[in-house]
Amino acid sequence: MGYARAHGVALRGAVGHLVDVQADVSPGLVGLTLVGRADSVLAEGRDRVRMAIINSDLEWPATKRITVLLSPADLPKGGSHYDLSMALAILAAGGELETIGLERTVFIGELALDGGLRPTSGVLPMVLAASHAGIARVVVPEPQVAEARMVPGMEVLGFRSLGQVVAELRGEPVPDAPPVATGTGGSLLGWRGDRRLDDMDMSDLRGRPETRFAVEVAAAGGHHLLLKGPKGCGKTSIAERIPTILPDLSREESLEVMAVQSLAGVLDVDRGLLTRPPFAAPHHDASKPGIVGGGTGRVRPGQVSLSHAGVLFLDEFPLFKSDVIECLREPLESGDITVSRGEESVTLPARALVVLAANPCPCGNFDASITKDGCICRANERQSYERKVSGPITDRIDIIRTLRPMSEQNHDPWGSENSADIRERVTAARRRQRERYADFGWRLNGQASGIALRDNWPLPPSAEALIDSRIFSGALTRRGAVRVHRLAWTVADLAGVDWPGVTETETALALRNGGSLTVSAFEGRSA
Amino acid sequence: MSSTAPARIALGNYGESVAERHLVEAGMTVLDRNWRCADGEIDLVLREGDTLVVCEVKTRSHDGCGTPHEAVDKTKLDRLKRLAIAWLEQHDVRAPGIRIDLVAVMHAPRGSALVEHVRGL
């Protein structure tokens with residue numbers, strides 16, 4: 001009779017907090033009081049826990065007043081994964097269970113009325129949070145053992161029922177229990193849309209050396225990219241292949257991506273640790289919560305977070321709703337996204353390489369260089385479309401390229417280089433950046449702070465003069481100049497040049513302003 | 001329910017006498033029993049030191065309908081509090097402390113009944 005506690009984890013976005021689940025069992029008005037800002041799903045746990053304990057042939061303190069506190073009391077908590085920790089705390093407080101073994105262990109799982117331990121979403125970020133809090137052992141539902149084991153250094157125990165967990169804690173032989181359904185039925189069809197990109201390669205594309213170079217720079221330095229051009233000129237084909245030239249995910253990145261997938265309930269543990277960067281291409285009809293995250297109840301990550309450490313491709317981006325486009329400003333700059341609803345504010349990682357594609361006009365056929373271009377748009381339609389392209393988002397884009405329809409002039413044997421070779425150069429360039437910025441909080445040129453760059457890695461005076469002349473002529477803004485500075489470093493990193501000079505700066509200016517790239521830019525990178 | 005009304009009343013009376021004996025043995029003084037007013041009934045009114053104790057007695061012959069404890073809920077507790085005040089007003093008694101107690105009597109077919117006294121609901 002008395003007091004006991006067990007540990008659970010609260011999730012707010014991808015940030016976890018260790019929660020003390022405290023139970024007190026004492027004489028008084030019979031019933032279970034739950035305090036500590038629980039949402040309705042969690043509060044319903046009162047009945048799940050009670051029936052699970054009774055149906056597991058364990059002693060429910062039916063003649064006592066039970067108080068359960070989820071501490072810290074002011075942190076909002078939701079979800080059914082507290083059931084197991086509540087049940088164990090109540091059993092220990094009621095004298096059914098020793099408190100030994102409850103310390104230094106986190107318990108995660110939803111209880112069924114028969115005492116079965118059901119899987120819940122978000123196990124990976126919960127176990128990560130437990131690991132950060134110094135916990136070395138977790139108990140999870142059996143189907144989620146593989147997911148929890150991805151966290152290094154964590155002892156993971158998987159069980160099928162409350163009875164099994166109690167037997168383990170008492171040091172008794174663990175009884176058999178029927179397996180618990182995982183809840184996910186797998187794909188209904190043989191079609192595997194998510195594997196479609198696996199076979200793609202840059203060598204599928206012919207020609208377009210300038211665009212290929214621009215894409216390589218974008219991948220190497222983490223620079224956001226805007227591809228403009230009439231429909232059918234290959235914008236989508238190029239964007240879809242950008243993940244193929246990105247290096248493998250680091251273990252840290254891999255866990256970040258999988259934690260986001262776990263929160264969204266789309267983590268496929270059967271595929272093991274993720275190695276390849278994700279790719280997301282939401283349709284322009286997508287809602288704001290779908291892109292940046294949100295929804296009712298628990299905040300679900302949006303596409304910007306699901307493509308973290310990978311590529312987010314927004315095809316025909318001027319057709320996206322303006323509020324969706326506005327929301328992208330934050331992740332483009334900071335690499336994370338904060339979703340605020342009421343008093344709840346949730347931050348999720350969102351460091352994707354953003355690739356935007358835009359047609360020259362709503363119908364996609366406009367071409368200023370030819371008179372009979374087949375465009376059926378009115379001039380004012382074209383203007384409002386262009387205004388959306390040149391809005392505040394494009395101001396946060398580093399590289400702007402205009403693609404021309406294929407012709408004899410831009411057909412080129414460069415097209416045959418495959419993704420693996422490009423990826424090698426990208427990986428090498430990224431390594432240089434990581435070493436250079438080891439003492440700072442960023443990994444890539446695209447994330448570098450403009451001030452720190454100017455103080456520690458300035459461009460030579462001749463290159464600065466070149467940039468200044470563009471600013472004075474009105475062709476470049478101050479913000480644009482910082483982007484050119486970053487790009488110049490990436491061009492140098494790709495070429496293996498120790499410090500960017502006038503050549504690299506000229507290339508960077510061309511990449512930034514959509515100008516044509518000179519042949520020397522391509523020769524530089526193969527050096 | 002299979003039991004008849006007289007049988008239920010008999011069980012209730014039995015439980016109340018068992019409870020009263022238990023509380024007196026524990027050192028409490030009985031002031032009133034089965035006191036009624038328009039709002040309801042108090043099973044036992046007792047005194048323990050300076051404290052006035054209003055006691056509800058619940059008797060069960062089996063636990064098929066839940067424990068005796070579970071029969072007392074928030075509504076019942078609120079009514080007992082109102083009744084306690086009504087009793088004090090009627091008897092013109094002033095008590096420094098008032099407490100609502102529960103005595104649960106589990107009547108076993110063989111052997112003596114199991115009595116549990118819950119102090120301060």
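With a Förster radius of 41 Å applied to the beta-carbon distance between A:Glu333 and A:Thr33, the computed FRET efficiency rounds to 0.35. Projecting the Cα atoms of B:Ile42, A:Trp457, A:Leu117 onto the charge dipole of the protein assembly as shown (Cβ charges, centred on the Cα centre) puts A:Trp457 farthest toward the positive pole.
Annotation for A:Trp442 and A:Asp199: the two label points, set 7 Å from Cα along the Cα-Cβ direction, are 3.9 nm apart. Simple point charges give the picture: +1 on the Cβ of Lys and Arg, -1 on the Cβ of Asp and Glu, and for chain B a dipole about the Cα centre of about 180 debye. Enumerate the residues in the range A:40-61 having an amide nitrogen under 15 Å from the point lying 7 Å beyond the Cα of A:Asp74 toward its Cβ. The answer is none, because no backbone nitrogen lies closer than 15 Å to the label point.
For the peptide A:54-65, the mean number of other protein chain Cβ atoms found within 10 angstrom of a residue's Cβ is 2. For chain A, the longest principal axis of the alpha carbon atoms and the long axis of helix A:478-495 meet at an angle near 90°.
Highest GNM mean-square fluctuation among B:Ala104, B:Ala71, B:Ala19, for chain B modelled with Cα contacts below 10 Å: B:Ala71.
Put in order of Cβ neighbour count within 10 Å, fewest first, the listed residues A:Ser340, A:Ser26, A:Ser262 become A:Ser340, A:Ser26, A:Ser262.
Neighbours of B:Arg36 by Cβ distance under 15 Å: Lys/Arg scored +1, Asp/Glu scored -1, total -4. Neighbour counts of C-beta atoms inside 10 Å place A:Phe279, A:Phe366, A:Phe440 in the sequence A:Phe440, A:Phe366, A:Phe279, starting with the fewest. Each Lys or Arg adds one and each Asp or Glu subtracts one; over the other residues with Cβ under 13 Å from the Cβ of B:Leu80, this totals 0. State whether the range A:211-344 is rounded, prolate or oblate according to the following rule on the C-alpha gyration tensor (a ≥ b ≥ c being the square roots of its eigenvalues): a/c under 1.5 gives rounded; otherwise a/b larger than b/c gives prolate, and the remaining case gives oblate. Cα axes put the range A:211-344 in the oblate bin. Volume of the convex hull of the protein assembly as shown (Cα atoms only), normalised per residue: 246 Å³. The simple spin-label model puts a point 7 Å past each Cα toward its Cβ; for A:Asn418 and B:Cys65 those points are separated by 8.1 nm.
Helix A:45-55 against the longest principal axis of chain A: what's the angle in degrees, Cα atoms only, rounded to the nearest 10? With both axes taken from Cα atoms, the answer is about 50 degrees.
For the protein assembly as shown, the antiparallel share of DSSP beta bridges with both residues in that region comes to about 55%. For B:Lys58, the lysines whose Cα comes closer than 29 Å to its Cα, not counting residues fewer than 8 places off in the same chain, are A:Lys64, B:Lys74, B:Lys76, B:Lys81. Full extension of the chain segment joining B:Asp50 with B:Ala108 gains 17.4 nm, where the gain is 0.36 nm per residue of separation less the Cα-Cα distance. At an R0 of 41 angstrom, the distance between the Cβ atoms of A:Lys321 and A:Ala379 translates into a FRET efficiency of 0.95. Counting only alpha carbon atoms, the long axis of helix A:419-436 and the longest principal axis of chain A meet at about 80°.
Projecting the Cα atoms of A:Leu128, A:Pro61, A:Gly480 onto the charge dipole of chain A, computed from C-beta unit charges around the Cα centre, puts A:Gly480 farthest toward the positive end. On the basis of the beta-carbon distance and an R0 of 30 Å, A:Ala43 and A:Ser345 show a calculated FRET efficiency of 0.85. Using the Cβ of A:Leu249 as centre and a radius below 10 Å, the other residues enclosed give a net charge of -2, where K and R count +1 and D and E count -1. Among beta bridges identified by DSSP and lying wholly in the range B:18-121, the antiparallel ones come to about 65 percent.
Helix content alone sets the calculated 222 nm mean residue ellipticity of chain A: runs of n ≥ 4 DSSP H residues at -39500 (n - 2.57) each, divided across all residues, give -10500 deg cm²/dmol.
Every number here is computed from the coordinates shown, using simple stated rules; none is lab data. A quick note: this is a predicted structure, and the numbers were derived from the prediction, not measured. Methodologically, a virtual Cβ is constructed for each residue, glycine included, from the backbone with ideal geometry; neighbour enumeration extends over all protein chains shown.
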